[in-house]
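Encoded as structure tokens, the structure appears first; notes follow it.
The values are calculated or read from the model by the stated rules, or taken from the named source; none is laboratory data. If you're wondering where the values come from, they're calculated on a predicted model, not measured in any experiment. Positions of Cβ are generated from backbone atoms using ideal geometry, with glycine treated the same way; all protein chains shown enter the neighbour counts.
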Amino acid sequence: MKKKIIELAKANGTDSVGFAPSTRFSEDDPIFKIMPETKTVIGLGFRILRGIYRGIEEGSTYYQYTTMAVENMEETVMPMAQLKISMMLEENGFIALPQRRHQQIMAETDSTNPEVAYDAVYRGKTAETQIDFEHTAVKCGLGELGLHGALLNDDFGPMIRYCFILTDAEIAATEEYTPHLCDKCGKCISACPGGAIDENGKVDPWQCAVYYNGANGTRNPFMPPDAFSDMDNRLEIIAGEAKVTPDTAKKILDKIYFYPPAQHAYQCSICGRACDVECYVHLEEKGVLKKKYKTPFRKREKWSFDLDSFK
């Protein structure tokens, strides 16, 4: 069964497959509220194409990250693999319940998801049935957690997305990672164009949302010179130095029309996950990633615009 699942997963675009026995989870874990009969959690990891990130690295193309690395992965590629595997499990008499990340539902009442429009998020909903995606991925052996909370995979570093299947089939476990990739270098922190990550790696979601959407003009080729002209601290915002609250973040986000969003409320990423990119570059330069390429990801110094052009 395990071999057949891995083969089917790979045939449907999955790059990493892991299996966590239910004994790795505490009795009050949401997986048991969702499906009390769970015996195994199957983790499926999908690479994000390196070339998609390079478009933003070079400032040449931005839309592909949002459409191909976020929207199509979450809405098409990943669910199809989940469904195929779940169908096979049910053909063999087992229960299979796919678990994908619902981008517009969160348990928190005062937070947001930078990947989608803030006014499309339903807050304080179904808190008891939201699994912890990052920690579940770790338990499935898909990777380890980096300093800034991203999952790091041996092949693709942080350039990976993941989903799960709960099943009552008992399947041999995958070994969990012994942490060895993240060396707490802090480059993910310094890479953020809006200072959204504190010294301990905690991400402020509202700060992240503002700069994920492109509020830092020194890294945004689409920002007009008069951006945020009716805001007193416009130059602080454009320089990535403004500290936001949920209310001020919403005001800034309402004025960001630099690049169109995708469907399903997905916002265009102008920062291109700068934290993840800097982490990937560091891991690649250290030579610790198993997946090798003919050329390094970063080929030249990072570009930026002069703040004076907005004065």
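Please go through (1) farther than 30 Å from Met88 by Cα; (2) assigned to a helix (DSSP H, G or I) for Ala137 and return the number of the only condition it doesn't satisfy.
Against the list (1) farther than 30 Å from Met88 by Cα; (2) assigned to a helix (DSSP H, G or I), Ala137 comes up short only on (1).
Does Ile34 satisfy the criteria of being surrounded by 19 or more Cβ atoms within 10 Å (Cβ to Cβ) and in contact with a strand residue (DSSP E or B) (Cβ under 8 Å, 6 or more places away or on another chain)?
Here the answer is no, as Ile34 does not meet what is asked.
Has the stretch 48-68 got at least one residue that is more than 30 Å from Trp303 (Cβ to Cβ) and within 16 Å of the chain's Cα centre (by Cα)?
no
Looking at the stretch 118-137, which of the residues that are buried (at least 22 other Cβ atoms within 10 Å of the Cβ) and in contact with a strand residue (DSSP E or B) (Cβ under 7 Å, 6 or more places away or on another chain) is farthest from Leu289 (Cα to Cα)?
My answer is Thr136.
Residues in the stretch 88-97: is at least one surrounded by fewer than 15 Cβ atoms within 10 Å (Cβ to Cβ), not in a loop (DSSP other than H, G, I, E, B) and not assigned by TED's automatic domain parsing to the domain that holds Ala209?
Scanning the stretch 88-97, I find at least one residue that is surrounded by fewer than 15 Cβ atoms within 10 Å (Cβ to Cβ), not in a loop (DSSP other than H, G, I, E, B) and not assigned by TED's automatic domain parsing to the domain that holds Ala209, so the answer is yes.
Give the residues of the stretch 183-195 that are in a loop (DSSP other than H, G, I, E, B), out of contact with any His (no Cβ under 9 Å at 6 or more places or on another chain) and in contact (Cβ under 8 Å) with a residue 60 or more places away in the chain, sorted by residue number.
Pro193, Gly194
Are there helices (runs of 4 or more DSSP H) fully within the stretch 206-311 with at least 3 residues that are modelled with pLDDT of 95 or more and touching a Lys or Arg at 6+ places or on another chain (Cβ under 8 Å)? List them.
Here the list reads 274-286.
Which members of the stretch 205-243 meet the condition of being of a type in the set (Val, Ile, Thr) and surrounded by fewer than 23 Cβ atoms within 10 Å (Cβ to Cβ)?
Within the stretch 205-243, just Thr218 meets the criteria.
If a residue must be among the small types (Gly, Ala, Ser) and either without any contact (Cβ under 8 Å) to a residue 40 or more places away in the chain or surrounded by fewer than 22 Cβ atoms within 10 Å (Cβ to Cβ) (or both), how many such residues does the stretch 15-31 contain?
Residues in the stretch 15-31 being among the small types (Gly, Ala, Ser) and either without any contact (Cβ under 8 Å) to a residue 40 or more places away in the chain or surrounded by fewer than 22 Cβ atoms within 10 Å (Cβ to Cβ) (or both): 2 in total.
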